[in-house]
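K.L.:
Take this structure, written in structure tokens, and hold onto it; I'll ask about it next.
Where a number appears in this text, it was derived from the coordinates with a stated rule and is not lab data. Bear in mind that the values here come from a model prediction, so they are computed numbers and not experimental data. Note that we place each Cβ from the backbone using ideal geometry, even for glycine, and neighbour counts take in every protein chain shown.
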Amino acid sequence: MGTLQNLGARHPIGTLVVLVLVVALAWLIFAPWPPGLEQALGRKRIFLNAILSGITLGALYFLVASGFTLVFGLMRNVNLAHGSLYLLGGYIGYGVVDATGYWLLAFPVVFVVVGALGLLLQHQVFRRMEGEELRQTLVTIGISIVLADLMLWYWGGQSYQVQSPQWLSGPTTLPFVSAVRSDGQAVYLSYPLIRIAILFAAIVIGLGMWFVLNRSRLGMLIRAGVDDRDILAASGVRIQYVFLAVFAFGAGLAGIAGIIGGTFQSLSPGEDTRFLLASLVVVIVGGMGSIPGAALGAVIIGLAEQIGLVYAPTYSVVFTFLIMAVVLAFRPQGLLGARR
Amino acid sequence: MKRFIGAAAALALMLPGAAAAQDTIKVGILVATEGAFAAGGADGIRNVELALKQVGNMAGGKKIETVVAPTDTTPATATRMARKLIEQDKVDIILGPLSGSEGIAMRDYSKTVPDKTVINGISGALETTWVDPSPNFFRFNLDGAQWGAGLGDYVVNKKGWKKVATVSADYSFGYTNFLGFAVGFCKAGGELVERLWVPLGSSDFAGVIAKLPDDVDAIYLGVGGTDAINFLNQYQQAGGKAKLIGGSIMADPTVLNSKGKAKDALIGTPTSGWVANDNPAPEWQAYVKAYQEAFPADKRLPSPSLFGVGYYVNALAMIAGLNEVKGDLSDGQKKFHAALSKLKVKTPLGEISLNENRQASGSVFVTEVSANPDGSLSNKMVARVDNVTQTLGMTADAFRAMGLPSRTTPDCKALGGK
């Protein structure tokens, strides 16, 4: 609370603007819309759906980008094979769900398998070229190309969707009033249940990561490593184990995101680079190496994509990169990134 | 992508004793292997391989050597790869491209290399052969507007769906294919309630799905490839129950054979196009059989896709044209160009010839997606329209007066609709 008060004292106008925006958004979401507004923006259902879809898409981006940003923060390693881990996780998840019929079972399996691949990559490849950033970057590009071809060879060019379980399919009703009928009865918004579940899962995983980073011994080591790797190693911590753990965790998370992406979008060759690009944009906007930054960046990019698609389809592709350019111009370290 | 280059390189190596330059004709296959139509592009390459294999890699007495140039459905990449084919690989003929806007880019590029030949792959934007066509660009497949013929009339008069909202891809082919549907639909007295447009390569349609009105008889979906699959997946998740009408690439075998349940939303959906899986014509049946025998079951689709058929037919035309001139490509390929313009080529879809814009006319099939006993899906033919011309049976002036395909063209009211 203290920091918030400080913020208000330091930037009174900025804080006021943000507060007004938050209140306006809350009003847009919860209050029934007057007819004039409906004429200007279309039905409220469309607006609510765009906002929710943006946030849930952001949840998916967060899952992919958080591992990416964690690895970068600790090891200064831009892992350009991160998208391949996403796609691989999705394909393996499809295989597990197809064979067993249990959607939830895919998550631990994929987390372990893709995490193990991450462990292998860090132990066999990146450890050998520590500190050589350019070399590592080039090697990760090479690995991503090889993995993409191997996946194309094994799974082929067609699309896959992971089958969502029965209890998560179809829409659910949310406590937002989307319209009021002429007899005064409120119509509540109906929204795909699976996307709500994904949002919930992303929040739980995000909170879990925050707790581990801020409340556990491992988190302490990771934070110390992010701040100053050399001093941490000099004080007797076996930093290689920390690296391994973080890399495996980041890879596993990307794999899990692949199952989720495969469930509400689809998997096909090319998705790997799409999600790599999305993660790059998210961490550039949010700030390299910052988990809250990844969350903020993911939600901003998700919202920009969905609101753009609904209200200005022609320019929706541009918005994402416009946001990135603005952030790079005025806050090159990212919204929540630390200046180094 | 690398795999295709590798395959093409291997193919080139396998050609016995790679004969001297004047005894071979080099063909560049320009095809999208990335992006929404990757599966269709792979089928295109398979079909060119098949067409060449059937003639023992010989046409006009010369060996045919192929180079694959992969694109990503964007016109910029298509132009770059075409330039690479001509300048570095020194190809004589380009076979391709796949996607609508790539085709328009190739029309413009082909004008800069008048002594080479571009034969289309399966791109279907109207403008490619309608606005300022290029003398050395030949299209032996129908365009997107032609593929839409018959569908509008069918849904109004046979299905009784008169109020329709549409979601289509926001680029040249999306406009063209929609126009073909809308012209028939509006002439039959239908009402287009709302037209929504989505960028090619979108993966999250949740916001657009929420925008669809409830009080319509059906929803027309003019997207394809992975876009189609993502849309159907999210449409089911949102609990969508409306009847669907498919554009020509919505219920293509590349979509019907995707893994997962999203495609099941298509059962009963009428669509129209150049290809009906169960077309009884013997030449079509023979082609499907040849396709199935040429590739192992897990390396192909159960039945060739619209994309594959396009590349196959255009490759057949290329072979026939080369035979006609006995492989003589001298004098800026003038004889070859003249032969292609006059060619009557026998294809699995009947005999095809070109009009004055070097654009094919032909038959269009209206099909409905139906479930087979084993759970797989295929297109069953329900109607056909023969002799669909580039101007959809209108006079050139009437067709031109309608305007070029765009988000707002055609004007439904002007055509007699609502």
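K.L.:
If each DSSP helix of 4+ residues adds -39,500 (n - 2.57) and the sum is divided by the residues in chain B, what number results at 222 nm, nearest 500 deg cm²/dmol?
P.N.:
Numbers: 15 runs with 157 residues, N = 418.
Dividing the helical sum by the residues of chain B leaves -11000 deg cm²/dmol.
K.L.:
Structure shown: which of B:Lys163/B:Lys261; B:Lys26/B:Lys111; B:Lys90/B:Lys346; B:Lys263/B:Lys413 lie over 25 Å apart, alpha-carbon to alpha-carbon? Walk me through the intermediate numbers first.
P.N.:
Values: B:Lys163/B:Lys261 28 Å; B:Lys26/B:Lys111 19 Å; B:Lys90/B:Lys346 29 Å; B:Lys263/B:Lys413 33 Å.
Correct reply: B:Lys163/B:Lys261; B:Lys90/B:Lys346; B:Lys263/B:Lys413.
K.L.:
Could you run the Debye sum over the Cα atoms of the range B:113-184, one equal point scatterer each and no solvent, and tell me log10 of I(q)/I(0) at q = 0.19, 0.21, 0.25, 0.28 Å⁻¹, two decimals?
P.N.:
-0.79, -0.90, -1.10, -1.23
K.L.:
What share of the DSSP beta bridges in chain B is antiparallel, in percent to the nearest 5? Walk me through the numbers on the way to the answer.
P.N.:
On the way: 19 of 54 bridges.
Taking every DSSP beta bridge within chain B, about 35 percent pair in antiparallel fashion.
K.L.:
Angle check, please: helix B:225-237 long axis (alpha carbons) against the longest principal axis of chain B (alpha carbons), in degrees 0 to 90, nearest 10.
P.N.:
For helix B:225-237, the angle is close to 20 degrees.
K.L.:
Which helices count as membrane-span-like in chain A under these terms: full DSSP H, at least 20 Å along the axis by C-alpha, Kyte-Doolittle mean of -0.5 or more? Don't skip to the end; give the middle numbers.
P.N.:
Values: long enough: A:12-30 (27 Å, 2.73); A:44-75 (45 Å, 1.54); A:82-100 (27 Å, 0.63); A:103-124 (32 Å, 1.80); A:133-155 (32 Å, 1.04); A:193-215 (32 Å, 1.95); A:239-264 (38 Å, 1.78); A:271-286 (22 Å, 1.49); A:291-311 (30 Å, 1.60); A:316-330 (22 Å, 2.75).
Both cut-offs are met by A:12-30, A:44-75, A:82-100, A:103-124, A:133-155, A:193-215, A:239-264, A:271-286, A:291-311, A:316-330.
K.L.:
Share of antiparallel DSSP beta bridges in the protein assembly as shown, in percent to the nearest 5? All intermediate terms of the calculation are to be shown ahead of the outcome.
P.N.:
Values: 27 of 63 bridges.
The antiparallel proportion sits near 45 percent.
K.L.:
Specify the residue with the greatest mean-square fluctuation among B:Gly152, B:Gly190, B:Gly268, computed from a Gaussian network of chain B linking alpha-carbon atoms under 10 Å apart.
P.N.:
Among B:Gly152, B:Gly190, B:Gly268, the largest mean-square fluctuation in the Gaussian network model of chain B belongs to B:Gly268.
K.L.:
Taking the Cα centre as origin and putting +1 on Lys and Arg beta-carbons and -1 on Asp and Glu beta-carbons, what dipole magnitude results for the range A:47-330, to the nearest 20 debye? Before the final figure, lay out the partial values.
P.N.:
Values: 12 positive and 12 negative charges, 91 e Å.
Roughly 440 debye for the range A:47-330.
K.L.:
Now, a different point. Positive end of the charge dipole of the protein assembly as shown (Lys, Arg +1 and Asp, Glu -1 on Cβ, about the Cα centre): tell me which of A:Ile13, B:Ala165, B:Pro373 has its Cα farthest that way.
P.N.:
Result: A:Ile13, furthest along the dipole toward the positive end.
K.L.:
Just grab the label-to-label distance for A:Tyr154 and B:Gln292, each label 7 Å out from Cα along the Cβ direction, in nm (one decimal).
P.N.:
A separation of 3.0 nm, rounded to one decimal place.
K.L.:
Over all directions, average the projected area of the Cα convex hull of the range A:181-340 and note it in nm².
P.N.:
Details: hull surface 53.2 nm².
It is 13.3 nm².
K.L.:
Of A:Ser182, A:Trp210, A:Ala254, which is farthest on the positive side of the dipole of chain A, counting Cα position, with +1 on Lys and Arg Cβ, -1 on Asp and Glu Cβ, and the Cα centre as origin?
P.N.:
Toward the positive end, the furthest listed residue is A:Trp210.
K.L.:
Can you pull the semi-axes for the range B:38-147, root of five times each eigenvalue of the Cα gyration tensor, sorted largest first, whole Å? List each step's numbers first, then the result.
P.N.:
Working: eigenvalues 88, 54, 41 Å².
Equivalent-ellipsoid dimensions as semi-axes: 21, 16, 14 Å.
K.L.:
Please state, as a whole number in µm²/s, the translational diffusion coefficient that the Stokes-Einstein equation yields for the range A:217-259 at 25 °C and 0.890 mPa s, with Rh defined as the Kirkwood radius across alpha carbon pairs. Present the calculation step by step, with values, prior to reporting the outcome.
P.N.:
Values: Rh = 11.1 Å.
Translational D for this selection: 222 µm²/s.
K.L.:
Moving to a separate point now. Treating the Cα atoms of chain B as identical point scatterers in vacuum, please give the log10 of the normalised Debye intensity I(q)/I(0) at q = 0.11 Å⁻¹, two decimals.
P.N.:
For the requested q values the scattering log ratios are -0.75.
K.L.:
Under the rule of at least 5 residues apart or a separate chain, name every residue whose amide H is placed under 5 Å from the amide H of B:Arg384.
P.N.:
Excluding prolines and chain starts, which carry no amide H, the hits are B:Val366.
K.L.:
Dipole of chain B (Lys/Arg Cβ +1, Asp/Glu Cβ -1, origin at the Cα centre): which of B:Ala383, B:Gly28, B:Tyr287 lies farthest to the positive side?
P.N.:
Checked the options; the winner is B:Tyr287.
K.L.:
Relative to the longest principal axis of chain B, what angle (0 to 90°, nearest 10) does the C-alpha long axis of helix B:2-14 take?
P.N.:
So the inclination is approximately 30 degrees.
K.L.:
Starting from a Cα-only point model with no solvent, please compute log10 I(q)/I(0) by Debye for the range A:47-330 at q = 0.11 1/Å.
P.N.:
The Cα Debye sum returns log10 ratios of -0.65.
K.L.:
To continue, here is another question. Using only DSSP helix segments of four residues or longer, with each worth -39500 (n - 2.57), what per-residue ellipticity at 222 nm results for chain A after dividing by its residue count and rounding to 500?
P.N.:
Values: 14 runs with 249 residues, N = 340.
Only helices count here, giving -24500 deg cm²/dmol.
K.L.:
What's the magnitude of the charge dipole for the protein assembly as shown around its Cα centre, counting Lys and Arg as +1 and Asp and Glu as -1 at the beta-carbon? Answer in Debye, nearest 20. Please list the in-between numbers first.
P.N.:
On the way: 62 positive and 53 negative charges, 166 e Å.
With only Lys, Arg, Asp and Glu charged at Cβ, the dipole is about 800 debye.
K.L.:
Under 13 Å between alpha carbons, and skipping anything fewer than 8 positions from B:Lys63 in its own chain: which aspartates and glutamates qualify?
P.N.:
Result set, ordered by chain and number: B:Asp23, B:Asp92, B:Asp328.
K.L.:
For helix B:172-187, what angle does its Cα long axis make with the longest principal axis of chain B, in degrees from 0 to 90 and rounded to 10?
P.N.:
Between helix and principal axis, roughly 50 degrees.
K.L.:
Moving on to the next point. I want to verify the translational diffusion coefficient of the protein assembly as shown in µm²/s; compute it with Stokes-Einstein, Rh as the Kirkwood radius over Cα pairs, at 4 °C and 1.567 mPa s.
P.N.:
On the way: Rh = 27.6 Å.
Answer, rounded: 47 µm²/s.
K.L.:
Sticking with this one: Given all pairs of different Cα atoms, what value in angstroms does the Kirkwood hydrodynamic radius of the range A:52-204 take? Present the calculation step by step, with values, prior to reporting the outcome.
P.N.:
Working: mean 1/r = 0.0552 Å⁻¹.
Here the Kirkwood hydrodynamic radius works out to 18.1 Å.
K.L.:
How many nm is it between the label spots at B:Arg384 and B:Asp411, if each spot is 7 Å from the Cα in line with the beta carbon?
P.N.:
Between B:Arg384 and B:Asp411, the label points sit 3.7 nm apart.
K.L.:
If eta is 1.002 mPa s and T is 20 °C, what Stokes-Einstein diffusion coefficient results for the range A:69-115, Kirkwood Rh from Cα pairs, in µm²/s?
P.N.:
Calculated translational D: 184 µm²/s.
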